[in-house]
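The values are calculated or read from the model by the stated rules, or taken from the named source; none is laboratory data. Because the structure is a prediction, the values reported are computed rather than measured. Virtual Cβ from ideal backbone geometry, glycine too; neighbours counted across all protein chains shown.
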Amino acid sequence: MSKITNMPVTRRNFLKWTGAASAAAAAGSHAPVLRALAPAKKTGQAKNVELKYSVCDMCLNKCGLIARVEDGIVKKLDPNQKFLKSRGMLCARGNAGIQQLYDPDRLKYPLLRTGKRGEGKWKRISWQEALDYAAEKLNGIAEKYSRCGVLFTPGSDLQSTFVHRFAEVFGSYNVCTHESSCLLSRNRAYLDTFGEVPSADVLYTRYIIVSGANPFEAIVTPDSIDLMTAKKSGCKLIVLDPRYTKTAALADEWYAVKPGTDMAFFLALANVITNEKLYDQKFAKDRISGVDELTEHVKQYTPEWASGECDIPADDIRRIARELAKAAPASMVYPGRRTSDYVNSTQIRRAMAIVNALLGNWDRPGGLTAARKVNLKAVQLPEAPFYDDNPDDRIDAGKANMLFEEEGSFKHMRDGIIAQEPYPLKGWFVYKYNPLQSVANRNKTLEMIDKLEFIVTVDITMSDTAWMSDLVLPAPSYLERLDPASALQGSSACACVVTRDPVVPEMFESKPVFWILKELANRMELGEYFDFDIESYRKEQLSNMPDAPGALEKDGVYYNPGKLYGAYEGKVFRTRSKQIEVYNSRYNDMGVNPMPVYTPPNEVPENRFRMVLGRNAYFTHCTSRNNSLLNELMPENAVWINPASASKLGIKEGDMVDVKSRVGKTSLKATLKKGIRKDTVYMSSGFGVLSKGLSNLAGKGGAMSEILEDFADTLSGNMAMHETFVSISRSAS
Amino acid sequence: MNKRILIKIITLLMVFTFAGAVMAQPDGNKRKGKHLYRQTYKKCHGEDAVPVSPDSKTQAQWIRVFEKKQWDVFGCEETWNKMSEEDLNDILTYLHGHAFDSPSPAKCK
């Protein structure tokens, strides 16, 4: 049950939460929150009820929803049944979006730091003062160092495209997104095998291997919903995970794979499939480059050999390979989403992609499907200026073999900033991004912060990164915003366009990042590059789809008709060979193994454990843990440990323990789980916060980012967050 | 033919082939190249014109366009004929880096 109904919020309490005396001055603008938080009246009906379309922002799936607004207050969020990507549903996390809007902890007005960084001393200032100050500081850094002396980190958000635009116009190449803590190595692997990143047609698959993913908790639409439907239709689900997740619980077979050895399993599958010629030989001849080289290469990787590496019986590996091939092409190795795990994570996913190639499932029902054309128009804006006095490249350039230019690598970027090499970087513009929680090695991020002269954060609440900033600017929640159109891919469900209009007006003094950037541009003589508004931008985006505006107004979503299966008939792949590349010649030219070569992960040292990450269904990264509706479900995190391992250490259920690595230490409760390997431990991220502005989290649980050591995938620069070994001991009372 | 001479000829051929392949890889300033390319294209076709996309050709095709100076791909051949070798190399570096078969970027969507 929600705290809202149990604990009526008094005006006095609310003002206390929102910053005492200074809040009183703006109490009028708090009225919607007070009214929304107050217990519902037992009598009387709302005078004005409106139903408004919007798009969820509680995670990255962007599911369609309908907001019920009563007398100006959002009372409920319902699914948009015409939104097929979520199969007409809205999850519980999506329902909790209402609490993001009416969160008493929201940032309400611009704040300027007055004490030391992290001390929590702030002064309320006007937008005029805040923007003048930010423009002066950013210009100062550009003049003193270079325009590349400012780092821009946009989070995953529909307005983040404008942060990229601002960085380009301002002249900094140093843009780093959330993706380098997430899925870059998966994208790298599939691009370098198929020439594009596919969707998984889970609904029609008959046999699916899920390895390093947990779609029943880490929700991806439509995959999570489709997997349940597919299972009801008889699809066989095989799960490889060192921990008994909810996906493992619903699997036909679960293997507690030794962490970091998944590649051995997949190379052994390839061994059986090629050795026994279980693949579609015509498809292979016409569409795959390097099958002969692969066949020769995987001869060494027998199921018997793999069994010794990954702790999965050889007979099972051989049987699974045969069953998988028999169900092809309606079978797959699920590509997954977050793949920031090992230093060879691209090659691990290449091994998975290669098995998919052998299944011939590309472009076919129940297999992997290409992105469908949505037809959203790229808006032509004035050409950004070029600054001759800038350095040649990004700070993290050359630190990974195949870095994504627009995403970067936070790990390498941070190392460069700490060393101030190859050039000084002194400013940081943060938008809805919180690396102090989401990225490994928090102490290194704090070290990076020490090197910076100016940090401005735009966010909805006081994240840890905002807490360490010099200037904090309040952003509205998604229910208050006008956003540009966005194209979504959803395998058999859809290729569609969504937009977002304000459901209610912006609250407090919050302002969207687009407005902030436009105001900054005007103050920095860059106004001509931001001389547009979102309405006109969106109109231009939709100009190739005359039916779209009407459909968006009527249904909240627009579907562009397009071919899903057979889209590659008569077309070549976007690779060097124009075929699927199980042998990658570009890798070979770069001195990288053209086919995945197995290297065993480092052995877990005695008396230590490998730490692994994973999502649960309640939270998205580190962003929704303070949401009171969701926080009730998990008020703090605990470290999972096998009872046998715990017993050796004298640890009992609920004991406070210290988790230590080479880079940090955190304390939290232990929970004993039979469904985790004896050599592995797990904890949820997003707790153990530094910020004192998150009421539900202060002093709760332990910080994952504090103990994770920072490694990166050598090819993509993606963070490698399963490479840390920890010791665990009972906390001294 | 004497075996030694044959080996020398093959070696020389290999050296030239390899050198050609290395020389063919553009090594200019991709960022400047992008700016120059889009500016040049729009100067020719108007501010609202959408430049020919880098992914409309493969890396090998872009190299061929520049080696053979096939400026009809862009129009305004005169402008392209007047450009310096350095500017052309910058533009080719940009186009080559985003060609159809390049290791092109993707987003978390």
If I filter region A:522-534 for residues that are over 29 Å from the mean Cα position of the chain (by Cα), within 14 Å of chain B (Cβ to nearest Cβ) and among the acidic types (Asp, Glu), do I get at least one hit? yes
Condition test on A:Ser645, is it assigned to a loop (DSSP other than H, G, I, E, B), buried (at least 18 other Cβ atoms within 10 Å of the Cβ) and either at pLDDT 95 or above or not aliphatic (A, V, I, L, M) (or both)? no
Got a number for residues in region B:34-92 being within 23 Å of A:Gly195 (Cβ to Cβ) and hydroxyl-bearing (Ser, Thr, Tyr)? 3
If we scan region A:196-210, do we find a residue that is of a type in the set (A, V, I, L, M), surrounded by fewer than 24 Cβ atoms within 10 Å (Cβ to Cβ) and within 14 Å of chain B (Cβ to nearest Cβ)? yes
Tell me yes or no: at least one residue of region A:491-510 is under 21 Å from the mean Cα position of the chain (by Cα) and in a loop (DSSP other than H, G, I, E, B). yes
Selection from region A:711-724 of residues that are surrounded by fewer than 23 Cβ atoms within 10 Å (Cβ to Cβ) and either charged (D, E, K, R) or without any contact (Cβ under 8 Å) to a residue 24 or more places away in the chain (or both): A:Glu723
Return a yes/no flag: does region A:553-571 have any residue that is away from chain B (no Cβ under 14 Å), in a helix (DSSP H, G or I) and either surrounded by fewer than 13 Cβ atoms within 10 Å (Cβ to Cβ) or over 28 Å from the mean Cα position of the chain (by Cα) (or both). yes
Restrict the check to region B:8-21 and report whether at least one residue is within 14 Å of another protein chain (Cβ to nearest Cβ) and modelled with pLDDT of 95 or more. no
Which of the following residues is assigned to a loop (DSSP other than H, G, I, E, B) and away from chain B (no Cβ under 14 Å): A:Asp388, A:Asp341? A:Asp341
Specify which of the listed residues (A:Arg372, A:Arg394, A:Arg350) is within 14 Å of chain B (Cβ to nearest Cβ), more than 20 Å from A:Tyr255 (Cα to Cα) and not in a loop (DSSP other than H, G, I, E, B). A:Arg350
So for region A:523-541 (the condition being in a loop (DSSP other than H, G, I, E, B), at pLDDT below 95 and either touching a Ser or Thr at 6+ places or on another chain (Cβ under 9 Å) or not β-branched (Val, Ile, Thr) (or both)), does at least one residue qualify? no
Say whether the condition of being away from every other protein chain (no Cβ under 14 Å) and either at pLDDT below 60 or exposed (fewer than 14 other Cβ atoms within 10 Å of the Cβ) (or both) is met by at least one residue in region B:36-59. no
What strands (runs of 3 or more DSSP E) completely inside region A:17-115 contain at least 2 residues that are at pLDDT below 95 and farther than 30 Å from A:Gly490 by Cβ? none
In the set A:Ser340, A:Ser345, A:Ser331, A:Ser289, the lone residue that is surrounded by fewer than 24 Cβ atoms within 10 Å (Cβ to Cβ) and of a type outside the set (A, V, I, L, M, F, W, C) is A:Ser289
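Would you mind finding the one in A:Glu383, A:Glu407, A:Glu447 that is without any contact (Cβ under 8 Å) to a residue 12 or more places away in the chain, in contact with a helix residue (DSSP H, G or I) (Cβ under 7 Å, 6 or more places away or on another chain) and on the phi < 0 side of the Ramachandran plot?
None of the other options fit; the residue is A:Glu383.
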Looking at (1) within 13 Å of chain B (Cβ to nearest Cβ); (2) closer than 30 Å to A:Ala200 by Cα, can you tell me which one A:Leu381 breaks? (2)
Take the conditions modelled with pLDDT of 95 or more, touching a strand residue (DSSP E or B) at 6+ places or on another chain (Cβ under 8 Å) and within 20 Å of A:Arg124 (Cβ to Cβ) and apply them to A:Leu482. Does it pass? no
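Considering A:Ser695, A:Ser727, which residue is closer than 18 Å to A:Asn441 by Cα, surrounded by fewer than 24 Cβ atoms within 10 Å (Cβ to Cβ), of a type in the set (Gly, Ala, Ser) and touching a residue at least 60 places away in the same chain (Cβ under 8 Å)? Reasoning before the result, please.
Numbers: A:Ser695 fails: closer than 18 Å to A:Asn441 by Cα.
So the residue among A:Ser695, A:Ser727 that is closer than 18 Å to A:Asn441 by Cα, surrounded by fewer than 24 Cβ atoms within 10 Å (Cβ to Cβ), of a type in the set (Gly, Ala, Ser) and touching a residue at least 60 places away in the same chain (Cβ under 8 Å) is A:Ser727.
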Pick out, from region A:403-472, the helices (runs of 4 or more DSSP H) lying fully within it that include 2 or more residues that are away from every other protein chain (no Cβ under 14 Å) and closer than 21 Å to A:Lys137 by Cα. A:410-419, A:442-450, A:464-467
Specify which of the listed residues (A:Val439, A:Val430) is surrounded by 24 or more Cβ atoms within 10 Å (Cβ to Cβ), touching a residue at least 40 places away in the same chain (Cβ under 8 Å), within 21 Å of the chain's Cα centre (by Cα) and farther than 24 Å from A:Leu613 by Cα. A:Val430
Please go through region B:44-82 and give me each residue that is more than 30 Å from A:Arg586 (Cα to Cα) and in contact with a Cys (Cβ under 8 Å, 6 or more places away or on another chain), ordered by number. B:Cys44, B:His45, B:Gly75, B:Cys76, B:Thr79
So how many residues does region A:575-597 have that are within 11 Å of chain B (Cβ to nearest Cβ), surrounded by fewer than 18 Cβ atoms within 10 Å (Cβ to Cβ) and assigned to a loop (DSSP other than H, G, I, E, B)? 2
Across region B:58-92, the tally of residues that are charged (D, E, K, R), under 24 Å from B:Pro103 (Cα atoms) and in a loop (DSSP other than H, G, I, E, B) stands at 0
Single match in A:Thr369, A:Thr457 (criterion: under 30 Å from A:Gln489 (Cβ atoms), under 25 Å from the mean Cα position of the chain (by Cα), buried (at least 21 other Cβ atoms within 10 Å of the Cβ) and not small (Gly, Ala, Ser)): A:Thr369
Which of the residues spanning region A:152-195 are aliphatic (A, V, I, L, M) and either in contact with a His (Cβ under 7 Å, 6 or more places away or on another chain) or more than 10 Å from chain B (Cβ to nearest Cβ) (or both)? A:Leu158, A:Val163, A:Ala167, A:Val169, A:Val175, A:Ala189
